[in-house]
Amino acid sequence: RKMMRWHIELKFELVSLEFHIDRVDDNKNLGDILNEFLQPKENNTHIRNQLKLYCENVNTIRFFLKRLPSPANQVDYFCFEPSTKLSESLKNQNIIEFPTFFVA
């Protein structure tokens, strides 16, 4: 199977942060994508401090993708576990421009 690479957006609404990530392999787990921000690294201390709430609750994190199309007054979301592959979360989805995942 051929691999696709995606531009994705992660929104952390509890702390008003968002990140755009380019060239994400579609066989990567959502949790692995998130760990790039949550795992300690030499150059991510500032980001980890901003995402402290998420670092402390990593076992309860879920990913939400808006269900499209849907009326503006009835927004609905698909919920995914961190172990879900990006390809599975996007299967049979309507995507406008790029997928945006809300992390909660």
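The values are calculated or read from the model by the stated rules, or taken from the named source; none is laboratory data. This is a predicted model, so every value here is computed, not measured. Methodologically, a virtual Cβ is constructed for each residue, glycine included, from the backbone with ideal geometry; neighbour enumeration extends over all protein chains shown. Calculation scope for accessible area: heavy atoms of the full protein, side chains included, ligands and nucleic acids excluded. Shrake-Rupley method; radii C 1.70, N 1.55, O 1.52, S 1.80 Å.
Ligands, DNA and RNA aside, S83 has an accessible area near 90 Å² when probed at 1.4 Å.
Extension gain, V58-R23: 0.36 nm per intervening residue step, less the Cα-Cα distance, totals 10.2 nm. Considering only beta bridges that DSSP places wholly inside the chain, some 85 percent are antiparallel. Amide H to amide H, with H built 1.01 Å from N, R67 comes under 5 Å of D76, Y77, F78, counting only residues 5 or more places away or on other chains. Sites listed here are GluC sites (Glu not before Pro) in the chain whose DSSP assignment is loop and whose Cβ has at most 10 other Cβ atoms within 10 Å: E42, E97.
Partner lysines whose Cα lies under 19 Å from the Cα of K66, excluding those fewer than 8 positions away in the same chain, are identified as K11, K85, K91. Here the simple spin-label model places points 7 Å from the Cα toward Cβ, and for E81 and N94 these points are separated by 2.9 nm. Shown here: log10 I(q)/I(0) by the Debye sum over Cα atoms at q = 0.12, 0.15 Å⁻¹, derived from the displayed model; of the candidates (1) -0.49, -0.68; (2) -0.40, -0.63; (3) -0.78, -0.89, it corresponds to (2). Taking the 1.4 Å solvent-accessible surface of the chain as the whole, the part contributed by carbon and sulfur is 48%. Loop-resident trypsin sites (Lys or Arg not before Pro) (DSSP state other than H, G, I, E or B) in region 12-104 with no more than 12 further Cβ atoms inside 10 Å of their Cβ: K41, K91.
A 1.4 Å probe run over the chain, with the rest of the protein chains in place, finds 66 Å² accessible per residue.
Among N92, N73, N49, the residue with the largest mean-square fluctuation in a Gaussian network model of the chain, with springs joining Cα atoms closer than 10 Å, is N73.
Taking θ as phi - 60° and the Karplus parameters 6.51, -1.76 and 1.60, the scalar couplings of region 77-84 work out to 10, 8, 10, 10, 7, x, 7, 6 Hz in sequence order, x denoting glycine and proline.
In a shell of Cβ-Cβ distance under 15 Å around K66, excluding K66 itself, what net charge do Lys and Arg (+1) and Asp and Glu (-1) give? It works out to a net charge of -2.
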